[in-house]
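As structure tokens, the structure follows; a few thoughts come after it.
The values are calculated or read from the model by the stated rules, or taken from the named source; none is laboratory data. For clarity, every value in this text was computed on a predicted model and none was experimentally measured. Cβ placement follows ideal geometry from the backbone for every residue including glycine, while neighbour counts extend to all protein chains displayed. To get the accessible areas, we keep the full protein, side chains included, count just its heavy atoms, and leave off ligands, DNA and RNA. Shrake-Rupley method; radii C 1.70, N 1.55, O 1.52, S 1.80 Å.
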Amino acid sequence: MIELYVLLGLMIAGAVIAIEVKNLLSAVIAVGIVGLALSIIFLLLKAPDVALTQIVVEIVAVILLIRATLHREIALKSCGTRPFGAFMGILFLGLAVVAAIVTFNSLAPFGAPLMTVSQFYPMNAITGTGAINVVSSIILDYRAYDTLGEATVLFTAVIGVLTVMRSVGKKKEEDVQENHE
Amino acid sequence: MNAYMPYVLCMILFSIGVYAILAKRNIIKIILGVVIAEYAGNLFLILVAYKAGGRSAIFSETQVILPDSMVDPLPHALVLTSIVIGLATTAFLIALAIRLYGKYGTFDITRMRELRG
């Protein structure tokens, strides 16, 4: 599994570059490195459906972020750091990483998952739903309400974005009445 | 190598994202931190689901595949949902950032103190 460690190291390097580089456009491209390496990791971990979704989502997210940073004067604006926030962040995140390393010892080791709950799905996917892809049998049959909720969140977010980005504000009532007269 | 090493690297990636949220002043950097932390969360669930030597959770009509040889399919299905919701929240954050830039002319959150009606 050496390639997994190489890709994880690439992701961490890309994340550090994205956070620390001055030029905002370069930072957005570095996040693209992180997301595409993540989709290759998903392929290595035998999750092809997740990898396909990750590629599509990553490209759309990078396009949106480029749209936000495309102006000439925006991209070169230097970004400062809040010194107190940086100090406290490094202190407590270091503590959190140490605590997490201790906590991981109670998890099942990497490569040996607990299958107590999810043993049911591969056993019954074909006889229960007729789908040969177990993941699609879960998202479209066993947990279809989950997917419905996901679609609801997606449309709510689209409506929110349209509301925030609407260029023309709501007209005042007097103006509307004047226009009618 | 330690059996928990991928989890630790994933936790470091998450910490980088949270550090950006806590310490940066530029709102685009904060959004990038949110995105990175979200990727690390998804990656952790997929790492937990991996079975050494396992194969992807797809049966075949031409060859016999035992259910015991598959990786855990349940986190894959939940992470699919989580990725799409992450894109939706990222898009909303970017829309808010663009509007804030149009109103205040800066991405610096310390200069957005005064409210304008």
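Observations on the model:
- Take each residue in A:149-156, count the other chain C-beta atoms within 10 Å of its C-beta, and the mean is 3.
- Choice from A:Asn23, A:Asn133, A:Asn105 with maximal GNM fluctuation in chain A (Cα, 10 Å cutoff): A:Asn105
- Kirkwood Rh, angstrom, chain B [1 / mean 1/r, Cα pairs]: 17.1 Å
- Highest-MSF residue in chain B out of B:Gly86, B:Gly17, B:Gly53 [GNM, Cα springs under 10 Å]: B:Gly53
- Pairwise centroid distance, computed over Cα atoms, of segment A:1-75 with segment B:1-73, Å: 14 Å
- Where labels lie 7 Å past Cα in the beta-carbon direction, separation of A:Ser106 and A:Ile63 in nm: 4.5 nm
- Among A:Glu20, A:Glu150, A:Glu58, the residue with the largest mean-square fluctuation in a Gaussian network model of chain A, with springs joining Cα atoms closer than 10 Å, is A:Glu150.
- Shielding of A:33-40 by partner chains, average beta-carbon count, 10 Å: 3
- Solvent-accessible area per residue in segment A:116-167 equals 62 Å², computed with a 1.4 angstrom probe and all protein chains kept.
- Pairs of Cα atoms nearer than 8 Å and 6+ residues apart set the relative contact order; for segment A:1-102 it is 26 percent.
- Computed about its Cα centre, the charge dipole of chain B is approximately 780 debye, with only Lys, Arg, Asp and Glu carrying charge at their Cβ.
- Cα gyration tensor shape for segment A:1-77, rounded if a/c is under 1.5, else prolate or oblate: oblate
- FRET efficiency estimate (nearest 0.05) - Cβ-Cβ, A:Ser167 to A:Ala144, R0 51 angstrom: 0.85
- The mean number of Cβ atoms from other chains found within 10 Å of a Cβ in peptide A:110-121 is 6, as a whole number.
- Chain B, accessible area per residue, ligands and nucleic acids excluded (1.4 Å, Å²): 41 Å²
- Sequence ranges A:81-87, B:2-8, ranked by mean other-Cβ count within 10 angstrom, highest first: B:2-8, A:81-87
- Rounded to the nearest 100, the interface formed by chains B and A buries 7800 square angstrom of accessible surface, both chains summed, with a 1.4 Å probe.
- Phi to ³J(HN,Hα) by Karplus 6.51 cos²θ - 1.76 cosθ + 1.60 over segment B:85-92, Hz, x for Gly, Pro: 5, x, 4, 5, 5, 5, 4, 5
- Calculation over all alpha carbon pairs of the protein assembly as shown in 5 angstrom steps from 0 returns a P(r) of 1, 5, 10, 14, 15, 14, 13, 10, 7, 5, 3, 2, 1, 1, 0, 0 percent.
- Long hydrophobic helices in chain A: the complete DSSP H runs spanning 24 Å or more by Cα along their own axis with mean Kyte-Doolittle hydropathy of at least -0.5 are A:2-20, A:24-44, A:48-69, A:83-104, A:144-165.
- Sequence-distant residues sharing a close amide H with B:Ala57 (under 5 Å, placed H): B:Val71
- Relative contact order of chain A, pairs being alpha-carbon contacts under 8 Å that are 6 or more residues apart, as %: 13 percent
- Chain A, accessible surface, carbon-and-sulfur percent (1.4 angstrom probe): 70 percent
- Taken one residue at a time, the phi angles of segment B:45-52 give Karplus couplings (6.51, -1.76, 1.60, θ = phi - 60°) of 5, 5, 5, 5, 7, 6, 10, 4 Hz. Gly and Pro are set to x.
- Residues along segment B:83-103 losing 20 Å² or more of accessible surface when the other protein chains are present rather than the chain by itself (probe 1.4 Å): B:Ile83, B:Val84, B:Ile85, B:Leu87, B:Ala88, B:Ala91, B:Phe92, B:Ile94, B:Ala95, B:Ile98, B:Arg99, B:Tyr101
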